[in-house]
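*Asks:* Have a look at this one.
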Amino acid sequence: MSAATTRSRTPDRLCAEAVDLARTAAEEAAAPGVVGEHVGVVSEGDRVVTHYFECKEFGYRGWRWAVTVARASRAKIVTLDETVLLPGSDALLAPEWVPWSERLRPGDMGPGDLLPTDAEDLRLEPGFSGEDEPAPNSAVSQDMAELVEAEDAEVTAGVPAHLPFAPRRGSIAAVAEELGLRRARVLSRYGLHVAADRWEESYGPKTAMAQAAPAACVSCGFLNPIGGSLGQAFGVCANEFSPADGRVVALSYGCGGHSEAAVMPAPPRPAPPVIDETRVDPFPLRPSPDSGSVSITPDEPSSELGHS
């Protein structure tokens, strides 16, 4: 360890003895009666020392007044550097600040609340483009039609439910399994109506959230459609900030997290600074003779009347 390092860790004697100077500075910066006992001194460097005082301010448990003093080389006068209130190791601190865009959590939205979405929200993408040409992966697209003609479907004999093995991909049994036809029983019309009534009661147009919503789910980009006959009236919400996230909602339901209800405007861009460095503006050191309201040279009528 070098001598400079040892000297910087050892508090300067004159600076360490300037407790009264540090207390006076702390009392001037703080309110009356909130500066407590002297709790320690720390060397910050060569002839730089920080004094710590207990803080008695309500709500600042574990905080300390830190007053830094210093002394010039070969000088005997200690001067004040700064006074600040700092938290200690067991200080009561406020929670970490979180931006508004990250502060909202699922379940925080209530009836009447409006959640704006960014124009470049990664959770949304363009939908209907206005063109009549179907998407390339659509079942009615030309590419898919040519693929169906090129592939030969394998027909498997027997009822799909009685097959002892898993059907191979591309067979009629595989298609039946994807459509749900291999199940022994399916929902009846009564079962569909009961489920629809139950879902509409929880997430339907008569709820308080839907009554205060700016728009319905049928036009929301976060609505994930479902298949079957229930898809004509219901869908699945995919907005994590919506109270119906992951739930089956009616198309007439709505909340403040609608994708098109309010789009956050882009932050304004300040105009670029105009700096003209190609010309020089002359500024005279003395005023021009004809710049005033009275001319320096007397006119003839004034001379005749005796005016100067």
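*Asks:* Just to confirm, what accessible area per residue do you get for region 208-249 at 1.4 Å probe, in whole Å²?
*Replies:* Values: 2030 Å² over 42 residues.
On a per-residue basis, 48 Å².
*Asks:* Quick check on packing: order 251-257, 45-51 by the mean number of other C-beta atoms within 10 Å, highest mean leading. Write out the running numbers ahead of the final one.
*Replies:* Numbers: 251-257: 24.9, 45-51: 19.6.
Sorting 251-257, 45-51 by mean packing, highest first, produces 251-257, 45-51.
*Asks:* Can you give me the % of accessible surface on region 44-123 that is carbon or sulfur? Probe 1.4 Å, all protein chains present, nothing else counted.
*Replies:* 53
*Asks:* Rounded to the nearest percent, how much of the accessible area of region 191-277 (1.4 Å probe, protein heavy atoms only) is carbon and sulfur?
*Replies:* On the way: 2980 of 5230 Å².
Reported share for carbon and sulfur atoms: 57 percent.
*Asks:* Can I ask one more? Given points 7 Å out from each Cα along the Cα-Cβ axis, report the L93 to E201 separation in nanometres with one decimal.
*Replies:* 5.0
*Asks:* Okay, next question. Along the Cα→Cβ direction, 7 angstrom out, place labels at L21 and R61. What is the inter-label distance in nm?
*Replies:* So the two model labels end up 3.6 nm from each other.
*Asks:* Tell me, in nm to one decimal, what length is gained between V218 and D290 on full extension, where the rule is 0.36 nm per residue of separation less the Cα-Cα distance?
*Replies:* Working: separation 72, 0.36 × 72 = 25.92 nm, distance 7.80 nm.
Contour length minus Cα-Cα distance gives 18.1 nm.
The values are calculated or read from the model by the stated rules, or taken from the named source; none is laboratory data. Small disclaimer: the values here were computed from a predicted structure and weren't measured. Cβ coordinates were reconstructed from backbone atoms using ideal geometry, including for glycine residues, and neighbour counts include every protein chain displayed. Each accessible area value is taken on the protein alone, full model and side chains, heavy atoms only, with ligands, DNA and RNA left out. Shrake-Rupley method; radii C 1.70, N 1.55, O 1.52, S 1.80 Å.
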